[in-house]
Amino acid sequence: MAKFGVSNEKDTYVVDLTAKSCAYRKWDLTGISCEHVIVCIWHNGLVVESFVSSYYRKTQCLATNSHIVLPSNGPRLWPVTNTEYINPPLMRRAPGRPKKAKEQIQ
């Protein structure tokens, strides 16, 4: 496999099947083959599915969702601690002149 130049009416994109990259960058960013890559794969008589990232395969999806997240008790059943409460930060006035409220026209 080598580098290919795939062009439409306006632009030309360089596709490298060995490095799994395309100048269009969709394949690089998402792992899903763009139309430029698919044309190169078909031209070489290869299988498109073999160029899709392993993150989109059924085995990876099942492995990701195989761990169970157990529910936790509500705040009334949490253990009591002797630490101080965490308060929100103090509200400060923004610098500069305050903005006026605009009147609504009906």
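The values are calculated or read from the model by the stated rules, or taken from the named source; none is laboratory data. If you're wondering where the values come from, they're calculated on a predicted model, not measured in any experiment. When the accessible area is computed, the model is the full protein with side chains, heavy atoms only, and any ligands, DNA or RNA have been set aside. Shrake-Rupley method; radii C 1.70, N 1.55, O 1.52, S 1.80 Å.
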Of the heavy-atom accessible surface of the chain (probe 1.4 angstrom), what whole percent is carbon and sulfur?
57 percent
Excluding residues on the same chain fewer than 8 positions from residue 20, give the lysines whose Cα lies under 29 Å from its Cα.
3, 10, 58
HN-Hα J in Hz across the stretch 23-38 - Karplus 6.51, -1.76, 1.60, θ = phi - 60°, x for Gly and Pro
5, 5, 6, 5, 5, 5, 7, 9, x, 9, 5, 8, 5, 5, 5, 4
